[in-house]
Amino acid sequence: DAGVIQSPRHEVTEMGQEVTLRCKPISGHNSLFWYRQTMMRGLELLIYFNNNVPIDDSGMPEDRFSAKMPNASFSTLKIQPSEPRDSAVYFCASSFLGRGMAEAFFGQGTRLTVV
Amino acid sequence: SQQGEEDPQALSIQEGENATMNCSYKTSINNLQWYRQNSGRGLVHLILIRSNEREKHSGRLRVTLDTSKKSSSLLITASRAADTASYFCATDALGANNLFFGTGTRLTVIP
């Protein structure tokens, strides 16, 4: 398996534009997480899915953020409209939830810059 | 918040010395995990310790867990310059079915 794959690796966009981040989890994993990392706030859990169903989106900062997981092999995180304060590195991670959460595998992240 | 807190926030040591990082958390857990992050990269899993375990070893890594104090420590022995990175603890809280990460310790190993 190639691991968790995120795209794009870098995204520069203008304020007000829509941004879509993509993630392909590891095959066989039943849990998927979206995190955001900034110097000021560290690593924040935005939302996570279990068996493609969103379980907890309380970390999503605003209604401008939305996430979907239409099937077990794909997830998107969308920001519309984007703002400069959304600039951060966004990580997707996948894991297997059995009796407890197993180790999480992270993608390389998407570095988002909103100007 | 279920988030773990690591201390120290930053640690600088000489190559060959041991590095100890601590993590405190707030809720009961299934397990606690330690991750490493090199600058600009994704996090990489290092070791997982279950709530019924007290100590675990993996190579130069030693992890302890004290559930009564809700704390864990990560010891890296005989540090190398290549160990320079940020280290995070993550808790799998009971009933939460997710992973909450701490604030991280930035370790610098000076050659």
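Taking the centroid of alpha carbons for each part, segment A:44-74 and segment A:10-30 are 12 Å apart. Counting 0.36 nm for each residue step from B:Glu17 to B:Arg80 and taking away their Cα separation leaves a gain of 21.8 nm.
Farthest towards the positive end of the charge dipole of chain B, among the residues B:Asn97, B:Ile47, B:Ser28, is the Cα of B:Asn97, using unit charges on the Cβ of Lys, Arg, Asp and Glu.
Three principal axis extents of segment B:29-69 based on alpha-carbon atoms, in descending order, are 35, 22, 14 Å.
Restricting the trypsin sites (Lys or Arg not before Pro) of segment A:1-71 to loop positions (DSSP other than H, G, I, E, B) with no more than 11 neighbouring Cβ atoms within 10 Å leaves A:Arg9, A:Arg41. Label sites at A:Ser87 and B:Gln9, each approximated as a point 7 angstrom past Cα along Cα to Cβ, lie 2.1 nm apart.
Looking at the calculated P(r) for chain B, what percent of the C-alpha pair distances fall above 16 Å? Cα-Cα pairs in chain B separated by more than 16 Å: 55 percent.
Gyration tensor over the Cα atoms of the protein assembly as shown: the corresponding equivalent ellipsoid has semi-axes (square roots of 5 times the eigenvalues, largest first) of 29, 21, 15 Å.
With all pairs of separate Cα atoms included, segment B:11-54 yields a Kirkwood hydrodynamic radius of 13.0 Å. Built from the Cα atoms of segment A:34-115, the convex hull projects on average onto 5.8 nm², one quarter of its surface area. Can you tell me the dipole magnitude for chain B around its Cα centre, using point charges on the Cβ only (Lys, Arg +1; Asp, Glu -1), in Debye to the nearest 20? Charge dipole, chain B, about its Cα centre: 180 debye, nearest 20. Can you give me the Cα centroid spacing of segment A:87-115 and segment B:1-42 in angstrom? Centre-to-centre distance over Cα atoms comes out at 17 Å. The percentage of C-alpha pairs in segment B:56-111 whose separation is greater than 16 Å is 55%.
Restricting the trypsin sites (Lys or Arg not before Pro) of segment A:81-115 to loop positions (DSSP other than H, G, I, E, B) with no more than 13 neighbouring Cβ atoms within 10 Å leaves A:Arg99. Karplus-derived 3J(HN,Hα) values for segment A:57-71, using 6.51 cos²θ - 1.76 cosθ + 1.60 with θ = phi - 60°, are 10, 5, x, 5, x, 8, 5, 5, 9, 9, 9, 9, 9, x, 8 Hz; glycine and proline are entered as x.
Of the residues A:Thr13, A:Leu112, A:Ala93, the one whose Cα sits farthest toward the positive end of the charge dipole of the protein assembly as shown, with +1 on the Cβ of Lys and Arg and -1 on the Cβ of Asp and Glu, is A:Ala93. Taken about its Cα centre, the protein assembly as shown carries a charge dipole of roughly 380 debye when the Cβ of each Lys and Arg holds +1 and the Cβ of each Asp and Glu holds -1.
Since every read-out is calculated from the coordinates, none of them should be taken as a lab result. Quantities reported herein were computed from a predicted structural model and do not represent experimental measurements. Neighbour counts run over all protein chains shown; Cβ positions are idealised from the backbone, glycine included.
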